[in-house]
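Just below is one structure, and these are the notes that go with it.
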Amino acid sequence: MLQELSIKDFAIIPTLDLSFENGMTVLTGETGAGKSIIIDAVGLLAGGRSSVDYIREGTKKATLQGLFSVETNANVLPALEEYGIELDDNQVLISREIHRSGRNVIRINGVMVNGAGLRKIGQYLVDIHDQNEHQELMKVDRHEYLLDQFAQKEVGPVLKKYQSAYSEYRKYFKLYQQRRADEQAFAQRLDMLNFQVNELQEAHLIVGEEEQLNHEYQELSNFQDVLEALSTAYEVLAGDWEGNGLDVVSRSVDTLERIEELSPRYQKLTETVRGAYFELQEATSEALSIRDNLEFDAERLTEVTDRLNLINTLENKYGTDISEILKYQATIEAELAEMTGNGLQLSDLKEQAIAAKKNAQQLADQLTNLRQAASVKLATAIHQQLADLYMEKAVFSVHLTATKNLQVRGQDQIEFYIQTNPGESAKPLAKIASGGELSRMMLAMKTIFARDQGVTSIIFDEVDTGVSGRVAQSIANKIAKIASYSQVLTITHLPQVAAVADHHLYIEKNIIKQRTVTTVKHLNENERIDELARMLSGDQLTDAARANARDLLTKANS
């Protein structure tokens with residue numbers, strides 16, 4: 001539900017902060033006072049299309065904020081997760097800035113989203129209905145969805161199975177068509193993939209082996225240089241000639257040992273040279289050991305050279321290094337499996353496509369049967385609602401026709417029909433002309449669908465236009481019923497509707513410092529009686545009008 005609404009520099013509203021409660025809240029006031037502006041603000045927070053025309057004249061931007069509680073609305077959670085938005089105490093805070101430059105800044109719980117993201121999330125928060133736009137109830141392409149929603153327990157599991165089967169059928173059918181359209185190109189691609197996969201699989205590449213091979217190649221290809229360097233180092237350090245390195249250092253140690261006791265400095269110098277002597281001894285032994293065990297392996301050099309040449313060739317073809325080549329190998333192996341896993345022959349693919357279609361068709365037929373049964377139940381439920389709205393002679397029906405091909409939701413074209421008067425033929429719901437009939441039809445369907453649509457707030461913007469008397473009272477009762485399980489905000493000019501509300505807001509327009517300003521006031525009981533009296537009799541409030549207003553409130557409360 002909508003808990004808080006903050007508006008700044010929006011149309012004729014400089015600043016406005018409103019709190020909303022559960023149940024039904026009615027907004028009344030003179031025409032043009034700004035009631036619909038408030039609804040427009042809520043609509044923008046739910047993903048409505050913005051315009052710089054909304055920005056209050058003389059300001060740079062309009063700012064809107066709405067705080068929604070989603071404690072009982074599980075439908076919105078997947079959409080929030082999709083955009084990485086975390087809930088804070090089961091609340092969603094939406095802020096939107098509309099700049100004169102046309103830039104829109106939208107944040108949900110602090111996370112920036114685009115307009116598409118806001119609409120995807122907003123559809124689960126607010127459902128707005130006005131006298132000219134009846135949302136999906138009046139859109140033929142939404143009738144199938146509404147019928148399925150009405151029979152969710154029966155239709156839902158089968159629809160899920162069907163969509164999986166349909167996806168499988170489309171995959172096989174697409175692959176078959178691709179093969180049939182260009183078998184030569186398919187064969188060429190298949191040959192190329194087979195060659196590449198075989199070449200890479202035979203190479204048995206290992207990440208990191210190129211570096212190891214390069215190191216080994218350097219040693220093998222420079223064997224003579226290594227041997228000469230080791231021999232020279234050994235001869236210099238310990239060769240069989242006077243004045244080799246170790247003898248020179250040894251004599252230095254002997255000389256320094258004679259004076260090391262004379263001063264700490266001499267002692268430190270002696271230790272340094274002595275340490276160098278021991279390290280040179282170890283190095284000499286290591287050089288001799290490596291030299292004596294060093295063998296030239298011409299065969300291994302050839303193997304390493306060939307392996308490095310193969311790796312270099314594959315890198316030129318498939319990637320800059322072994323890691324990238326292996327990624328490419330995994331990709332083409334998957335493609336090859338897709339192309340060959342379903343059978344190499346075109347006839348095999350055709351059989352698989354036919355089998356997949358048959359499976360999908362069986363589930364589509366099952367969906368049709370379930371929808372036909374649900375249509376009867378829905379018609380019965382709608383008739384009861386219409387009778388409560390004094391349209392007891394109206395006949396509601398659901399028309400199912402089969403589409404030529406399987407579609408993503410089955411093979412049914414569904415449209416709602418209505419016969420408003422005896423003796424007339426049933427007509428598509430979308431073509432009903434009477435505003436009063438549209439209002440009642442919409443409320444009848446909304447009473448049935450609203451509970452399961454998972455929307456936290458429902459807004460009715462003058463949906464009661466064109467009705468009066470007992471019909472007005474029946475509409476008021478229906479809106480109040482909807483408000484028993486979903487928050488409802490209603491703009492109305494009918495006192496019967498205003499009387500059944502749990503909360504009453506009065507919207508008025510004033511001139512302050514030569515600027516038009518919209519203000520909102522929560523009415524107490526006496527103020528509410530005066531407003532109902534005004535709605536009943538006009539601007540002149542009489543005792544009789546107030547008495548009628550009190551009576552209307554008493555009946556509403558009872």
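The values are calculated or read from the model by the stated rules, or taken from the named source; none is laboratory data. Keep in mind it's a predicted model, so treat the numbers as computed, not measured. Methodologically, a virtual Cβ is constructed for each residue, glycine included, from the backbone with ideal geometry; neighbour enumeration extends over all protein chains shown. With ligands, DNA and RNA removed, areas are computed over all heavy atoms of the protein, side chains included. Shrake-Rupley method; radii C 1.70, N 1.55, O 1.52, S 1.80 Å.
Against the test of being modelled with pLDDT under 90 and out of contact with any Ser or Thr (no Cβ under 9 Å at 6 or more places or on another chain), the options 302, 313 yield a single qualifying residue, 302. Scanning the stretch 76-107 for residues that are open to solvent by 30 Å² or more (accessible area, probe 1.4 Å) and farther than 28 Å from residue 13 by Cα turns up 77, 78, 81, 82, 83, 84, 86, 87, 88, 89, 90.
The C-beta contact set for the stretch 531-558 (first residue touching a residue at least 24 places away in the same chain (Cβ under 8 Å), second residue open to solvent by 90 Å² or more (accessible area, probe 1.4 Å), distance under 6 angstrom, 6+ apart or interchain) comprises 536/548.
Taken as a whole, the structure leaves residue 352 outside the set of residues that are within 24 Å of residue 159 (Cα to Cα) and without any contact (Cβ under 8 Å) to a residue 60 or more places away in the chain.
Within the stretch 396-438, the set of residues being part of a loop (DSSP other than H, G, I, E, B) and modelled with pLDDT under 90 comprises 420, 421, 422, 423, 424, 425, 426, 432, 433, 434. Quick check: anything in the stretch 296-304 under 28 Å from residue 203 (Cβ atoms), open to solvent by 80 Å² or more (accessible area, probe 1.4 Å), free of Cβ contacts under 8 Å to residues at least 12 places away in the same chain and out of contact with any helix residue (DSSP H, G or I) (no Cβ under 9 Å at 6 or more places or on another chain)? Within the stretch 296-304, one or more residues are under 28 Å from residue 203 (Cβ atoms), open to solvent by 80 Å² or more (accessible area, probe 1.4 Å), free of Cβ contacts under 8 Å to residues at least 12 places away in the same chain and out of contact with any helix residue (DSSP H, G or I) (no Cβ under 9 Å at 6 or more places or on another chain). Within the stretch 305-321, take every residue that is among the β-branched types (Val, Ile, Thr) and closer than 23 Å to residue 220 by Cα and give me the one that is surrounded by the most Cβ atoms within 10 Å (Cβ to Cβ). Across the stretch 305-321, the extreme among qualifying residues is 311.
Restricting the stretch 56-100 to residues that are in contact with an Asp or Glu (Cβ under 8 Å, 6 or more places away or on another chain) and either in contact (Cβ under 8 Å) with a residue 60 or more places away in the chain or acidic (Asp, Glu) (or both), the residue that is farthest from residue 516 (Cα to Cα) is 67.
One line per residue, one yes/no per condition, for (1) in contact with a strand residue (DSSP E or B) (Cβ under 9 Å, 6 or more places away or on another chain); (2) open to solvent by 30 Å² or more (accessible area, probe 1.4 Å); (3) assigned to a helix (DSSP H, G or I):
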| position | (1), (2), (3) |
| --- | --- |
| 17 | yes, yes, no |
| 22 | yes, yes, no |
| 27 | yes, no, no |
| 31 | no, yes, no |
| 48 | yes, no, no |
| 62 | yes, no, no |
| 74 | no, yes, no |
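Across the stretch 76-107, what is the total count of residues that are assigned to a loop (DSSP other than H, G, I, E, B) and either of a type in the set (Ser, Thr, Tyr) or over 25 Å from residue 17 (Cβ atoms) (or both)? Before you say what the answer is, go through the steps one by one.
Residues of the stretch 76-107 that are assigned to a loop (DSSP other than H, G, I, E, B), as a first pass: 83-87, 89-90, 100-103.
With either of a type in the set (Ser, Thr, Tyr) or over 25 Å from residue 17 (Cβ atoms) (or both) added as a condition, the list becomes 83-84, 86, 101-102.
Selection size over the stretch 76-107: 5.
Number of residues in the stretch 316-343 that are free of Cβ contacts under 8 Å to residues at least 24 places away in the same chain and either aliphatic (A, V, I, L, M) or touching a Cys at 6+ places or on another chain (Cβ under 9 Å) (or both): the value is 3. If the condition is being surrounded by fewer than 16 Cβ atoms within 10 Å (Cβ to Cβ) and within 27 Å of residue 496 (Cα to Cα), then the stretch 389-410 contributes 392, 393.
Close contacts from the stretch 509-526, counting a first residue that is more than 11 Å from residue 33 (Cα to Cα) and a second that is assigned to a strand (DSSP E or B) and among the acidic types (Asp, Glu), with Cβ to Cβ under 9 Å and a gap of 6+ residues or different chains, come to 521/508. Of the helices (runs of 4 or more DSSP H) lying entirely inside the stretch 443-551, the ones with 2 or more residues being surrounded by fewer than 20 Cβ atoms within 10 Å (Cβ to Cβ) are found at 469-482, 525-537. Residue count for the stretch 167-198 satisfying the condition of being at pLDDT 80 or above and open to solvent by 40 Å² or more (accessible area, probe 1.4 Å): 14. Just for the stretch 200-209: of the residues that are open to solvent by 40 Å² or more (accessible area, probe 1.4 Å) and assigned to a helix (DSSP H, G or I), which one is nearest to residue 335 (Cα to Cα)? Result: 201. Hey, any hits in the stretch 108-118 for a residue that's of a type outside the set (Phe, Trp, Tyr), assigned to a helix (DSSP H, G or I) and surrounded by 18 or more Cβ atoms within 10 Å (Cβ to Cβ)? Yes, the stretch 108-118 contains at least one residue that is of a type outside the set (Phe, Trp, Tyr), assigned to a helix (DSSP H, G or I) and surrounded by 18 or more Cβ atoms within 10 Å (Cβ to Cβ).
Return yes or no: is residue 369 assigned to a strand (DSSP E or B) and without any contact (Cβ under 8 Å) to a residue 12 or more places away in the chain?
No: the conditions fail for residue 369.
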